[in-house]
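Below: one structure, written as structure tokens.
Quick note: the coordinates plus some simple rules give every number you see, no bench work behind them. If you're wondering where the values come from, they're calculated on a predicted model, not measured in any experiment. As a convention, Cβ positions derive from the backbone with ideal geometry for all residues, glycine included, and neighbour counts pool all protein chains shown.
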Amino acid sequence: MSAYIVFTRTKTLDKKELEIYWAGIKATMKGHPIEVLVAYGQHEVLEGDPIEGIVIAKFPTVKAAKDWYCGEAYQSVAKHRQKERFTKA
């Protein structure tokens, strides 16, 4: 059964950290069965709080999604996304 990881960006707080994350994310996908279905395209929020962008990634299984997400390569890049998220504006 397919599995999906959905990333939403609600508000950019530290563009430098976000750019470091974006620069490194593609390399973390090598060797993993990832299909990016949506990547910051046009969107419309019909319910809930507004967002700046969304990424939806499809994996063949939950294990494949967790292997990528929890893997050392992605986590070393993810720290920049997390720093960006918690930086005070």
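Mind putting together the pair-distance distribution for segment 3-86? All Cα pairs, 5 Å bins, whole percent per bin, short to long.
P(r) for segment 3-86, in whole percents per bin: 3, 14, 23, 25, 20, 12, 3, 0.
What value, in deg cm²/dmol to 500, does the helix sum -39500 (n - 2.57) over DSSP H runs of n ≥ 4 give at 222 nm once divided by the residues of the chain?
When only DSSP H runs of four or more count, the value is -13500 deg cm²/dmol.
Which ordering of Leu37, Leu46, Leu13, Leu18 is given by a fewest-first count of other beta-carbon atoms within 10 Å?
Taking fewest neighbouring Cβ atoms as first place, the list is Leu46, Leu37, Leu13, Leu18.
Give the lysines whose C-alpha is closer than 25 Å to that of Lys26, dropping any in the same chain fewer than 8 places away, or say none.
Lys11, Lys15, Lys16, Lys58, Lys63, Lys66, Lys79, Lys83
Given a Förster distance of 25 Å, report the FRET efficiency between Val62 and Ala23 from their Cβ-Cβ distance, rounded to the nearest 0.05.
Calculated value: 0.35.
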